[in-house]
């Protein structure tokens, strides 16, 4: 179902049936926080992006719609700003700071990603804002945390992933570490922003008390290392990267049209895998029941690897996936972004949503909800806002600024 | 005075296992929710028994798995054998006193036991039920089997991780298991907020697959809108150079460096001691550097290789260039002053493993910080849950234990 076109009437923006309707969130985030506020916006919170007059840096991030580099056509910006509103504000100016303070008094939550100390300089730090709005929840998402020796260290996604320990666990064992793709450092930071903000919102509902949250991208990454810290703690062994041959029968292997993730390590899984090969007249080299034993299999890893390589090389991702699952084997294709867009499961679940972009005269397909909700259906209400699209609605109609004042602030580079 | 906890008013009945969902409820438990983790000897959580490195001295012990314990801090642990007919009625009594019920099975298991949402909401109409399955409970692949290892392949992480001409490596961990928990805890609390406002419960049909793909939105939209299939880059960036992982002095030691501007490039040259390559005209502009990546990376690596990674990081950071050591477990636990400053790892005493590290949350709440307790041993809280919460007599608890219902 196409989402409704953008509508700047705040009364229409709010969906009372949604989980987080009624909450107002101010969003001053770079890439470390965009998914944080998107999740809340998509669950019904009213999220207002406070952008500098020249626009959020995310507006200049590629990819662009039909590769047209234009701040209103960034797919990156679009995706992370569905259901959000936009106002512009120059926080370096006294007028801008005053307006921001008025805005904060209408908000439940402020999520920001500025360098530690930056908001203090502007008199907009938690202590100052709390004086205006005692139950404010302020979520600060930074590279390393707001305090501590690395608080001023510069970082982007790759630095967070490396300092947090995940990069070390990616790559072939005999090669360099390689950072995981998909800006996961940013997304991990943002997701921790969402979770911590909601914990604080629950506490506020119970007690009326607000608080300040200090999220670290590095720490967010450090919580993805599985057993690494326990393994070192117990046995002083440093877990390292395992590459495409993780262990006997946990492999990434080439197949006819791409790659497949093979997992045949379990007590049930291994015999099923061997049976499959036998049914196809292959796999004699691993048919010996001794291979069911983990240690025997690890000792003869080369045979296992070569046999499975040969078997899967002649088959397609889709054929392997379907047959493996029919046999209750947890294999999966290594999907490309195109495979994701074409996924029958994602399509059957209604994951992709058509969003109207009226000024382009087009609808665009977006990846949608992480979950199905029985009582409060997830909705993509409208596309990302254009720069300052809600200035008039918020500043004039809601905060009571006169139109003359709005024009003056525009001319003065404050909006 | 005890520290106030944010989620103390909430009780979660947790039928989940492995990584994703248990870690989600761990974060709730660490912030005060009473999470009752339901386990059984009949169907042990594999994390209690798999592997070896996360057991002290590599010695397996049902209650000594760091793998299990780390993901289950602050919870109550009970045993309940759902394959025993009498167990279902007890499970239903536990449902009646809970706010949230979570499982991570395919839809078949909970249906078989009569513990699916439709059954449970008869017991408690405002219940929040979340099925944290891999692909959701509808659609042609709803019953497909999978674990974090496969999900990172299925959801696109593998394809995007590695070198352009190499394998789609993904990570060496079950990566999505560590991304899902934040989605899961967030949607649970959102449903609680909705219930508080309206009195209504909710069924959440979670899909780990969808949640993982939703972190890759712009990449998927590039395929949909522009027909461009993005792929792995080995850490290189289309808009920054040098950008990647550089070998440093030491065994398997590396530093990440990300140079976005020409000024940062000049700073890097200064830190490196003004070598001739840093002055080469072709490297003075972003476009020039992007055009000559192989030569650029080789020169930068020739400098970094002469220094320990921490020196490279500290010197570049002092000059305003983003850089970070490719840290491993020992670095994080013993040599990272920042994580130490934050008290990131919590040291807790567990009856079997003794004093050991648990991961704390990646955030600090100023008013209600996390307070971690060690993970439960199998069935550790049977007396509390069955006796105190359900009011069963000591004799009944003993009988149920003898009859392998509490097993």
| said: Residues that are within 14 Å of chain B (Cβ to nearest Cβ): list the helices (runs of 4 or more DSSP H) wholly contained in region A:46-126 that include at least 1 such residues. | reply: A:75-80
| Among (1) touching a strand residue (DSSP E or B) at 6+ places or on another chain (Cβ under 8 Å); (2) closer than 30 Å to residue A:225 by Cα; (3) surrounded by fewer than 24 Cβ atoms within 10 Å (Cβ to Cβ), the one test that residue A:167 misses | (3)
| message | Need a quick list: helices (runs of 4 or more DSSP H) entirely within region A:299-345 having at least 3 residues that are within 19 Å of residue A:278 (Cβ to Cβ). | response | A:301-313, A:317-326
| Just for region A:380-397: of the residues that are away from chain B (no Cβ under 14 Å) and under 18 Å from residue A:15 (Cβ atoms), which one is surrounded by the fewest Cβ atoms within 10 Å (Cβ to Cβ)? | A:393
| said: Looking only at region A:127-149, count every residue that is within 7 Å of chain B (Cβ to nearest Cβ) and either farther than 24 Å from residue B:264 by Cβ or surrounded by fewer than 24 Cβ atoms within 10 Å (Cβ to Cβ) (or both) and tell me the total. | reply: 3
| task | Identify, from the list B:217, B:244, the residue that is at pLDDT 95 or above, touching a strand residue (DSSP E or B) at 6+ places or on another chain (Cβ under 9 Å) and part of a helix (DSSP H, G or I). | result | B:217
| message | Can you tell me which of (1) buried (at least 18 other Cβ atoms within 10 Å of the Cβ); (2) more than 20 Å from the chain's Cα centre (by Cα) is the one residue A:341 doesn't meet? | response | (2)
| residue A:366: under 21 Å from the mean Cα position of the chain (by Cα), outside any loop (DSSP other than H, G, I, E, B) and either within 7 Å of another protein chain (Cβ to nearest Cβ) or touching a residue at least 24 places away in the same chain (Cβ under 8 Å) (or both), yes or no? | yes
| query | Where in region B:79-179 are there helices (runs of 4 or more DSSP H), lying fully within it, with 2 or more residues that are modelled with pLDDT under 95 and over 30 Å from residue A:186 (Cα atoms)? | reply | B:107-112, B:117-123
| said: Can you go through B:194, B:149, B:167 and tell me which one is surrounded by 24 or more Cβ atoms within 10 Å (Cβ to Cβ), under 20 Å from residue A:170 (Cβ atoms), in the same structural domain as residue B:93 (by TED's automatic domain parsing) and free of Cβ contacts under 8 Å to residues at least 40 places away in the same chain? | reply: B:149
| note | Within region A:255-275, residues being part of a helix (DSSP H, G or I) and in contact with a helix residue (DSSP H, G or I) (Cβ under 7 Å, 6 or more places away or on another chain) number 3
| message | Taking the criterion of being under 15 Å from residue B:145 (Cβ atoms) and in contact with a strand residue (DSSP E or B) (Cβ under 8 Å, 6 or more places away or on another chain), would at least one residue in region A:275-286 satisfy it? | response | no
| field | residue B:225 within 30 Å of residue B:153 (Cβ to Cβ) and over 30 Å from the mean Cα position of the chain (by Cα) | value | yes
| message | Can you confirm whether residue A:181 is more than 7 Å from every other protein chain (Cβ to nearest Cβ) and part of a loop (DSSP other than H, G, I, E, B)? | response | no
| task | Mind listing just one residue for me: the one in region A:189-217 that is in a helix (DSSP H, G or I) and more than 7 Å from every other protein chain (Cβ to nearest Cβ) and, of those, surrounded by the fewest Cβ atoms within 10 Å (Cβ to Cβ)? | result | A:207
| request: Go through region B:15-60 and count every residue that is within 11 Å of another protein chain (Cβ to nearest Cβ), assigned to a loop (DSSP other than H, G, I, E, B) and at negative phi. | output: 10
| Is it the case that residue B:229 is modelled with pLDDT of 95 or more, closer than 27 Å to residue B:107 by Cβ and not assigned by TED's automatic domain parsing to the domain that holds residue B:67? | no
| request: Out of B:234, B:227, B:199, report the one residue that is more than 26 Å from residue B:144 (Cα to Cα) and facing another protein chain (nearest Cβ under 7 Å). | output: B:234
| Among (1) surrounded by 23 or more Cβ atoms within 10 Å (Cβ to Cβ); (2) modelled with pLDDT of 95 or more; (3) more than 12 Å from every other protein chain (Cβ to nearest Cβ), which single condition is residue B:70 missing? | (3)
| What is the residue count in region A:221-236 for residues that are part of a helix (DSSP H, G or I), under 25 Å from the mean Cα position of the chain (by Cα) and at the interface with chain B (Cβ under 7 Å from one of its Cβ atoms)? | 3
| note | Among residues of region B:278-298 being away from chain A (no Cβ under 14 Å) and surrounded by 19 or more Cβ atoms within 10 Å (Cβ to Cβ), the residue nearest to residue B:238 (Cα to Cα) is B:289
| note | region B:317-407: strands (runs of 3 or more DSSP E) wholly inside it with 2 or more residues that are in the same structural domain as residue B:73 (by TED's automatic domain parsing) are B:345-350, B:354-359, B:363-365
| query | For residue B:188, which of the numbered conditions (1) part of a helix (DSSP H, G or I); (2) more than 7 Å from every other protein chain (Cβ to nearest Cβ); (3) surrounded by fewer than 24 Cβ atoms within 10 Å (Cβ to Cβ) fails to hold? | reply | (3)
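The values are calculated or read from the model by the stated rules, or taken from the named source; none is laboratory data. Since this is a predicted model, take the numbers as computed values, not measurements. Counting neighbours? That spans all protein chains shown, and the Cβs are built from the backbone with ideal geometry, glycine included.
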